[in-house]
Each structure stands twice: as C-alpha cells, then as structure tokens.
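Note sheet for the following structure.
The values are calculated or read from the model by the stated rules, or taken from the named source; none is laboratory data. For clarity, every value in this text was computed on a predicted model and none was experimentally measured. We place every Cβ from the backbone using ideal geometry, glycine too, and count neighbours over all the protein chains shown. Remember, those area values only see protein heavy atoms, side chains included, never the ligands or the DNA or RNA. Shrake-Rupley method; radii C 1.70, N 1.55, O 1.52, S 1.80 Å.
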Amino acid sequence: MPALLLLTGPSAGLRHEVRGEVVLGRSPSCEIPLEDSKVSRRHAKIVVENGQAKVTDLGSRNGTLVNGEKIEGETIMLPGDQFQIGDSTVLYEPPTRAALTEKERPGEVSSTPLEELLPAGGPLGGLYNAGAALLSAANEAMVLRRAAEELGRSVSADKAAALLGGMEGLLTAAVVGADSVEVPRSLVRGALERREVGRVGGVLCAPLMASGGAPFGILYAERPEPFGDEEGRTIAALGRLAGEAFAAVRARSDVDAAPVQLIGGSRQFRKTVEQARRAASVTEPVVVYGEHGTGRLYTARYIHSRSPRALGPFIVVDCRRAPVQVEEDLFGRGSTPGVPPMASALLRADGGTLVLQQIEALPRHTAERVARLLLRKVAPSRQGGEEAVDLRVMATSHAPISVLGQRGEVDAELGRALAGAEIESLPLRERRPDVPALYEAFAARISRGRKKELPSLSPDARRLLVDYAWPGNVEELKGISERLALLYAGTEVPALKLPPEVQEGAALPVARTLAQMISRLERDAISEALREARGKKIKAAALLGISRPTLDKKIEDYQLIVEKRRTP
C-alpha cells in the first residue's frame, strides 16, 4: 500500500498509509494534522487512483512544493518524489511489490533446517564450500589466497597456488603448502593461451578467468600422486569461480585510480619523501603525524602504493565518527532483516593496509580491543570467533604516538601495537617552495576534467601564494587552486583575483626582535633585487653587493622562488 513518510517538520518520522484520499493541514480534522503556523487549515491533499498518486494544493497561503518547485493544480507523484508544505517535507512511497500476508497456501507445510540441506561432502560439497569462501572474500588478495586454500583441500594437493601474470612471468599472489612453486611453461601456455586444463602426473593447472575475458592468471596444484579427470573438473570450476570473485572485488575497488605522487622538491619535503620510501619497503607499522590539512592520509596511501601490498586493499577507518559507527567499521556487524552483514575492517584489510585515521579520537575501550587483535594478528570472523589475518597497520594523528601515549591520549597497548616508523607531515609554511608545483597539480586536475587550459599565475600572484601562511595547509591550497581553475581557465590570474586572505596575509609573524627585523628586511631586499634583475642571479647579487654563492644560500635559507622573465 502506498504511504507518506514525513522527513522533517513537527511530525517528522510519521508514516501514513494512503487509502483513497488524504488531506494535510493545520486543522485537527485533517487525516494528517500538522502543528505548523506556515501550514493552512486544509493545505494539500493526496489522492491515489489506479495505483497513481496525485497531489493538489488546496488554495493554501504559502503553497505546496514538489521537488522544490511550487505547483499549480494537480501534479502526479512519482516514486521517491518529495513535496513540502510549511516546514514539513513528505516523501511518497509507492506500493511495494512484495508484502506479508496471512493467506495460507493449500497443502501441508514442509520445513527442514538449512544446515541439513547444504552439501557437506563430496564434489558438490567441496564446490559449495569454495564458492562460499570466495564470495565472502573482502579483497583481491583474500580471493586468491582462499582459491589456493580451497584448491589444495578439494584435490588433496601438497602445494596449491593462485598466480597472476602472463607468459612473460607470473606474479606469485598466493601459495599454500610451500614458500614458492615452479610451474611448467607448457602448462601455463595451455591455460593462458588456449584456456585449457592441463595435467602431467602430479601437477595440475587451469586458467583463472571471469566471463567475457581472457585468462589473467592460473590455478596450480601439485602432489606425488597423479591427478585424474575428477580433479581436472574441480580445478576448472574453481578457476572460474575464483575469476568471477576476483573481478567482482576489483570492480568495487579503486586499483585503477591515478598513481599516488608526493609533489614537491623543497629540501625539507625531500626528507619526508625519503622517509616514506623507506617505510614502503618494510612491514612495520607507520604513524604519520602533523597538522590538519597537511596530507597525512595521502602520505599513508603513497607508502601503501609503493609497498609489496600495493595490490591489496587500502582500508581507512575514521576514528572521529560516532563510536557506534567506528565499532561497526572495525569489528563488523551481523545481519538483521533487510540489513546484510558487514565484514570488519581488519578482515577487509587482509593482504593490504589498515589505516586508523585520527587515532587519538578512538574511544578507550575500542582502542584496547583493536590493540589485542592487532598484536595477535587476528580479526573478527563473519562466521563468529576470529581468524588469522595478514595486514599492515598505519595511523594518522596530530602528534607522534609516543607523545600521545605520554599525554594519555592513546591507550598504552595500542601504542605498542603501532610502534614503528613515525613520519611528520610538514605544514605548508615550512615548505613554501613547493606551493607553485602543488598549485599546478591541483589546478591541472580540474582543467583536464573540464578540457580547459590551465590558468597561469602572474609573478605577483605567485609571490603572494608563496608568502601566504596557509593555516589550512595543503587542503586550503587545493581549494583555492581548484577555484581558480574553474574561474580563470586559460588566462593569467593577477594578484587582485586571489582570495582576500591571501592578498592580505603575511608570510612571517610581526618582527619583535632585532634579529627578526633584520631577517625580514634582508628577505624583502633580496626579493626586490631578484624582481628588478628579472630572475638573473648574477645581476641581483651585483645589485645587493654580495657574491653569487652568498645569494644562493640566502635564497635557500629564505625559501624564495626565483622566476626568470624575459626583457620586453
């Protein structure tokens, strides 16, 4: 039966089934009375005829709006349409296609517990168990590992593997029963090029593929005894099931997203990039700390993308969300009527990286449970209990984890679980030379999407951007760059077109000591000389009465941008 659901207003949350005609208004005699001074006594009516709903304004003082537009006369309501009267927003729900009924079907009801009907053994049971394991895999790495495990179990193999790659080489994705396997090239060629299941003695090989595509890998099994036809049929089915599961998981992921790059070449930032590269080559936890807006999460993604886990998932849990939501994200939830189950983030990150964003916001009791799971390398299982996982954990915070622990902002046990590399995400004011490159990267992304030319910066505009203090750090620069790209595509942006706070902002705090005043005067003098010399350092050094090496050192100390301009 169709219904009206009041989303906002004095009766928000009310659901009223529509039988024939329903009038809404301030009068108590209306089917849906609304205590709202903006609503007329008899404001609007809904009529349902032949499965079609129509709304009519009854000459109200403030009118009736459907999807934001004021209506005149009768208007047909479509599924999902909303209409507004006064402060009340009403959603129209059409008749459902399925409903509960008390009517019984003729004949005797027969029922059997589900567990008794599911196959438990034999080939059918093996494929059922394999299908359930593959469908419940939360990421690509988990699909491949479970495919190898189910293959080894189904064909009683000593070694089993799910391998990605082509004839030029195989990327070992998952091997069980051994550290590595050696696959005969002839069997690989048959599987990848001719879609064949091949076997020779105690070696078995089949293509890993999804419908509508070519094989993208192989399943491989090995044992002392020869394999037979039954094992051949089993590995063929598993190869197809695993291929479909892999393709489905990949379709939901962002593996084809643009490569992650850390932009900037300043001396200070180069140290951060080098730390991130070193962290990518090891497996220990990483905490990226720094001010808001400095790109801490992006640095974590950079580390993941260059690590051996790059093909695995990158799962982020924002610890600032409501505690109930954080617990559901981290530990999963069971299914309820109409709500499917959700795997825990620790399970979804298996084979990849789990990032705890803003770790200091994690509630204490939740932090204690997370720490125990991380230290034991297990995750809550969908079937109940726990299962082993292989994941790397990272975290972002506003301070080093050791400092947070001393302040009592992070649980001590969680601090031990996160002990490893610590990388500072620098504020933008400490890496001013990187501002132009960051501006171009952010603006270019918008320009490419709109197929427009990148807006250039006038020399004064560029100087103001570099000199600005950037309290919002990289995120603030990103917003300004994207706005300029939208407004001034293909033109030069003068200083007067920059936001007022950038035009008025000072790069340095007000000088208080003699040394600060001298430094500010020296910096301004060097900037002026470089502008007068149009970027030619030899001429600028002569104007200042200093040597070229001294000028180079001063430019680096003050992080000045040298822009060469042609003489008109």
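Observations, loosely collected:
- Of the residues making up the range 260-277, those that are at pLDDT 90 or above and not in a loop (DSSP other than H, G, I, E, B) are F269, R270, K271, T272, V273, E274, Q275, A276, R277.
- Single unsatisfied condition, T491 versus (1) surrounded by fewer than 20 Cβ atoms within 10 Å (Cβ to Cβ); (2) among the hydroxyl-bearing types (S, T, Y); (3) within 30 Å of L375 (Cβ to Cβ): (3)
- Members of the range 178-198 that are surrounded by fewer than 21 Cβ atoms within 10 Å (Cβ to Cβ) and touching a helix residue (DSSP H, G or I) at 6+ places or on another chain (Cβ under 6 Å): E196, G198
- Meets criteria (modelled with pLDDT of 90 or more and either open to solvent by less than 30 Å² (accessible area, probe 1.4 Å) or closer than 23 Å to D390 by Cβ (or both)) for L241: yes
- Among the residues making up the range 47-81, those that are touching a Ser or Thr at 6+ places or on another chain (Cβ under 8 Å) and of a type in the set (A, V, I, L, M) are V47, V55, L58, V66, I71.
- Among the residues of the range 351-370, at least one is modelled with pLDDT under 90, in contact with a Gly (Cβ under 9 Å, 6 or more places away or on another chain) and either on the phi < 0 side of the Ramachandran plot or open to solvent by less than 50 Å² (accessible area, probe 1.4 Å) (or both).
- Scope the range 401-423; condition in contact with a Phe, Trp or Tyr (Cβ under 8 Å, 6 or more places away or on another chain) and within 11 Å of I359 (Cα to Cα); matching residues: I401
- Only residues that are closer than 19 Å to E274 by Cα and either basic (K, R) or open to solvent by less than 20 Å² (accessible area, probe 1.4 Å) (or both) were counted in the range 427-441, giving 6.
- Residues of the range 215-232 classified as without any contact (Cβ under 8 Å) to a residue 24 or more places away in the chain and basic (K, R), total: 0
- In the range 535-563, the qualifying residues are those that are in contact with a Lys or Arg (Cβ under 8 Å, 6 or more places away or on another chain), charged (D, E, K, R) and modelled with pLDDT under 85, and the one that is nearest to S266 (Cα to Cα) is E556.
- Filter result for A162 (closer than 27 Å to A251 by Cα, of a type outside the set (V, I, T), part of a strand (DSSP E or B) and touching a residue at least 24 places away in the same chain (Cβ under 8 Å)): yes
- Applying the criterion of being touching a residue at least 24 places away in the same chain (Cβ under 8 Å) and among the charged types (D, E, K, R) to the residues of the range 263-307, the residue that is least open to solvent (accessible area, probe 1.4 Å) is R296.
- Restricting the range 442-452 to residues that are out of contact with any Lys or Arg (no Cβ under 8 Å at 6 or more places or on another chain) and at pLDDT 90 or above, the residue that is least open to solvent (accessible area, probe 1.4 Å) is A443.
Table: residues versus (1) surrounded by fewer than 19 Cβ atoms within 10 Å (Cβ to Cβ); (2) assigned to a loop (DSSP other than H, G, I, E, B).
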| site | (1), (2) |
| --- | --- |
| A12 | yes, yes |
| E35 | yes, yes |
| S40 | no, yes |
| V48 | no, no |
| G59 | yes, yes |
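- Selected residue (only one of G415, G405 is within 26 Å of D318 (Cα to Cα), surrounded by 15 or more Cβ atoms within 10 Å (Cβ to Cβ) and at pLDDT below 90): G405
- Check on P459, surrounded by 14 or more Cβ atoms within 10 Å (Cβ to Cβ), more than 28 Å from Q358 (Cα to Cα) and at pLDDT 90 or above: no
- Qualifying residues in the range 199-219 (those that are under 33 Å from the mean Cα position of the chain (by Cα) and under 17 Å from A161 (Cβ atoms)) - the one most open to solvent (accessible area, probe 1.4 Å): F216
- Any hit, the range 519-534, residues being buried (at least 18 other Cβ atoms within 10 Å of the Cβ), at pLDDT 85 or above and among the basic types (K, R): no
- Filter result (over 15 Å from L4 (Cβ atoms) and in contact (Cβ under 8 Å) with a residue 24 or more places away in the chain) within the range 20-51: E35, D36, S37, K38, G51
- The set of residues from the range 385-408 being under 23 Å from H304 (Cα atoms) and either part of a loop (DSSP other than H, G, I, E, B) or free of Cβ contacts under 8 Å to residues at least 40 places away in the same chain (or both) comprises A388, V389, D390, L391, H398, A399, P400, S402.
- On the stretch given as the range 226-240, residues that are in a loop (DSSP other than H, G, I, E, B) and within 40 Å of the chain's Cα centre (by Cα) total 0.
- First in the range 126-137 and open to solvent by 50 Å² or more (accessible area, probe 1.4 Å), second anywhere and in a helix (DSSP H, G or I) and modelled with pLDDT of 85 or more, Cβ under 6 Å, 6 or more apart: L127/A237
- Of all residues making up the range 121-151, the number that are under 16 Å from L311 (Cα atoms) and assigned to a loop (DSSP other than H, G, I, E, B): 3
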